[in-house]
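Before any comments, here is the structure.
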Amino acid sequence: MQKIDENLTKVTARVQHAAHQAGRNPNEIRLVAVSKTHPAGVVAQAWRHGQRCFGESYLQEALAKQSQLGPLEGLEWHFIGPIQSNKTRAVAQHFAWAHCVDRERIARRLSAQRPPELPDLQVCIQINIDQEASKAGVSLDELPDLAHQVAALPRLQLRGLMAIPAPSQGEAQQRASFARVREALEALQAQGLALDTLSMGMSGDLEAAVAEGATLIRVGTDIFGPRRESRSTDGNKPGP
Ligand SMILES: *Cc1c(COP(=O)(O)O)cnc(C)c1O
């Protein structure tokens, strides 16, 4: 438990260092603590340490954890797993953010199913930045049409892009992938979309992501330790 506090402090220090190296303000970078496969107790522990954003990839597991924890002041749930049609209702009802939207049909369902009494669902479009067959996400060619479609839907707020680069050979390669994501965001901004989020960077590559403009990083292992069990990830590899 003590360890989680130390780990959060260390990850925060890494983000700050990477931000300073890049001449960026560390306050523009939000840390999502990825708690998938870890029990509700460690989420509560991180929350007591001041962590507020948590990421989950497996819907049933996430819903169980949410009901175990109940409402905790300021806690914000991010769904970072792939979203099939049969999951849209629960994602729309139980999460503040959805990071992996990659089809118009899914976005339409989230929009229709977002309860009107909740704030708009915050959405990122996942791009398959290294064109891996095993990974979800739209191609850069498909991105502009999808972005304009999603941006027009009620009860969703399109915030930006999310990507997981190919398991990497080194920092230069990581940065090249992240730079393509940033350029894609800039191109959409130039087309008039008001986007502010680059969801990229995990335990192994957060420095490269911050150097290329990440505003939201998703870190699991370096906060909570190795994942507790291996599970099928239905097409979205959990990371390198
Ligand atoms: C599991 C997961 C992470 C966290 O990865 P770590 O390498 O454990 O930090 C980040 N993003 C997504 C989409 C994930 O599924």
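The values are calculated or read from the model by the stated rules, or taken from the named source; none is laboratory data. Source: prediction; values computed, not measured. Using ideal geometry, Cβ is built from the backbone for each residue, glycine included, and neighbour counts are taken over all protein chains shown. Accessible surface is based on the protein model in full, side chains and every heavy atom, while ligands, DNA and RNA are left aside. Shrake-Rupley method; radii C 1.70, N 1.55, O 1.52, S 1.80 Å.
Per-residue answers, yes or no, for (1) on the phi > 0 side of the Ramachandran plot; (2) away from the ligand (no atom under 16 Å from the Cβ); (3) touching a residue at least 60 places away in the same chain (Cβ under 8 Å); (4) touching a His at 6+ places or on another chain (Cβ under 7 Å):
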site	(1), (2), (3), (4)
ARG175	no, yes, no, no
ARG180	no, yes, no, no
GLN191	no, yes, no, no
MET200	no, no, no, no
ASP205	no, no, no, no
ALA211	no, yes, yes, no
LEU216	no, no, yes, no
GLU229	no, no, yes, no
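Here is a list of conditions, (1) within 15 Å of the ligand (Cβ to nearest atom); (2) farther than 22 Å from LEU206 by Cα; (3) in contact (Cβ under 8 Å) with a residue 40 or more places away in the chain, and GLN45 meets all of them except one; can you say which number that is?
(1)
Condition first: polar (S, T, N, Q) and over 24 Å from ALA209 (Cβ atoms). Can you find one or more residues in segment 39-59 that meet it? Let's see the steps before the verdict.
Step one: of segment 39-59, the residues polar (S, T, N, Q) are 45, 51, 57.
Those still in the list that are over 24 Å from ALA209 (Cβ atoms) too: 45.
Yes, there is a match, as at least one residue in segment 39-59 is polar (S, T, N, Q) and over 24 Å from ALA209 (Cβ atoms).
State all residues of segment 130-153 that are at pLDDT below 95 and within 24 Å of VAL32 (Cβ to Cβ); if no residue qualifies, say none.
Residues satisfying the conditions are ASP130, GLU132, SER134, LYS135, ALA136.
Determine if segment 58-74 includes at least one residue that is of a type outside the set (A, V, I, L, M), within 16 Å of the ligand (Cβ to nearest atom), out of contact with any Pro (no Cβ under 7 Å at 6 or more places or on another chain) and under 22 Å from THR197 (Cβ atoms).
Pass one, segment 58-74, residues of a type outside the set (A, V, I, L, M): 58, 60-61, 65-68, 70-71, 73-74.
Narrowing further to those that are within 16 Å of the ligand (Cβ to nearest atom): 58, 60-61, 65.
Now restrict to residues that are out of contact with any Pro (no Cβ under 7 Å at 6 or more places or on another chain): 58, 60-61, 65.
With the extra rule that they be under 22 Å from THR197 (Cβ atoms), the set shrinks to none.
There is no residue in segment 58-74 that is of a type outside the set (A, V, I, L, M), within 16 Å of the ligand (Cβ to nearest atom), out of contact with any Pro (no Cβ under 7 Å at 6 or more places or on another chain) and under 22 Å from THR197 (Cβ atoms).
From VAL32, VAL43, grab the single residue that is under 15 Å from the mean Cα position of the chain (by Cα), β-branched (Val, Ile, Thr) and open to solvent by less than 10 Å² (accessible area, probe 1.4 Å).
VAL32
In segment 48-59, which residues are more than 17 Å from HIS99 (Cβ to Cβ) and under 18 Å from the mean Cα position of the chain (by Cα)?
Within segment 48-59, GLN51 is the sole residue that qualifies.
Read through the list (1) more than 25 Å from PHE178 (Cβ to Cβ); (2) open to solvent by less than 10 Å² (accessible area, probe 1.4 Å); (3) of a type in the set (A, V, I, L, M, F, W, C); (4) away from the ligand (no atom under 16 Å from the Cβ), then give the number of the only condition that VAL91 fails.
Of the numbered conditions (1) more than 25 Å from PHE178 (Cβ to Cβ); (2) open to solvent by less than 10 Å² (accessible area, probe 1.4 Å); (3) of a type in the set (A, V, I, L, M, F, W, C); (4) away from the ligand (no atom under 16 Å from the Cβ), the odd one out for VAL91 is (4).
Identify the residue in segment 189-204 that is small (Gly, Ala, Ser) and assigned to a loop (DSSP other than H, G, I, E, B) and, among all such residues, is nearest to ARG175 (Cα to Cα).
That would be GLY201.
Yes/no per residue for (1) over 30 Å from LYS3 (Cα atoms); (2) assigned to a loop (DSSP other than H, G, I, E, B); (3) open to solvent by less than 10 Å² (accessible area, probe 1.4 Å); (4) without any contact (Cβ under 8 Å) to a residue 12 or more places away in the chain:
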residue	(1), (2), (3), (4)
LEU72	no, yes, no, no
ASN86	yes, no, no, yes
ARG105	yes, no, no, no
ARG108	yes, no, no, no
GLU117	yes, yes, no, yes
GLN126	yes, no, yes, no
LYS135	yes, yes, no, no
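Considering only residues of segment 34-55 that are in a loop (DSSP other than H, G, I, E, B) and of a type in the set (Gly, Ala, Ser), which is farthest from VAL123 (Cα to Cα)?
In this case the residue turns out to be GLY50.
Looking at segment 144-160, can you tell me whether even one residue there is in contact with a Pro (Cβ under 9 Å, 6 or more places away or on another chain) and buried (at least 20 other Cβ atoms within 10 Å of the Cβ)?
No, segment 144-160 contains no residue that is in contact with a Pro (Cβ under 9 Å, 6 or more places away or on another chain) and buried (at least 20 other Cβ atoms within 10 Å of the Cβ).
Which of the following residues is in a loop (DSSP other than H, G, I, E, B) and over 13 Å from HIS99 (Cβ atoms): ALA172, ALA147, ALA179, ALA166?
Only one candidate passes the filter, namely ALA166.
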